[in-house]
Amino acid sequence: MALKPPTLALAAVRSLGRAGHRMVVTSKNRLSISAASKYCLKSYVISDPLTAPGNYARELLDLIDQECVD
């Protein structure tokens, strides 16, 4: 059985979190399986990249600055 995108995102958060990375999650919905991970420190709702790519890009870049993501 192939993993679906939300499950893949959760697996990525868990794997990177276990490796010691600080995990900040974004989603187009308030309810995100990845945000429920114990490794997720913060979760943000931002625009859907498929329906509002310009807004998504701006919001993501703002969060990168706000959260000091490197």
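Observations, loosely collected:
- Of the criteria (1) within 20 Å of D70 (Cα to Cα); (2) free of Cβ contacts under 8 Å to residues at least 12 places away in the same chain; (3) outside any helix (DSSP H, G or I), which one T51 fails: (1)
- Of all residues in the stretch 14-24, one or more are in contact with a Ser or Thr (Cβ under 7 Å, 6 or more places away or on another chain), of a type in the set (D, E, K, R), assigned to a helix (DSSP H, G or I) and surrounded by 13 or more Cβ atoms within 10 Å (Cβ to Cβ).
- Verdict on L41 being free of Cβ contacts under 8 Å to residues at least 40 places away in the same chain, open to solvent by 60 Å² or more (accessible area, probe 1.4 Å) and either in contact with a Ser or Thr (Cβ under 6 Å, 6 or more places away or on another chain) or not in a helix (DSSP H, G or I) (or both): yes
- Residue check: L8 meets all listed conditions (1) farther than 22 Å from C68 by Cα; (2) among the hydrophobic types (A, V, I, L, M, F, W, C); (3) more than 12 Å from the chain's Cα centre (by Cα); (4) open to solvent by 70 Å² or more (accessible area, probe 1.4 Å) but one, namely (3).
- For C68: the one exception among (1) assigned to a loop (DSSP other than H, G, I, E, B); (2) in contact (Cβ under 8 Å) with a residue 24 or more places away in the chain: (2)
The values are calculated or read from the model by the stated rules, or taken from the named source; none is laboratory data. Everything numeric here is computed off the predicted structure, so don't read it as measured data. Here Cβ is always computed from backbone atoms with ideal geometry, including for glycine, and neighbour counts include all displayed protein chains. Quick note on the areas: whole protein, heavy atoms, side chains included, nothing else; ligands and nucleic acids left out. Shrake-Rupley method; radii C 1.70, N 1.55, O 1.52, S 1.80 Å.
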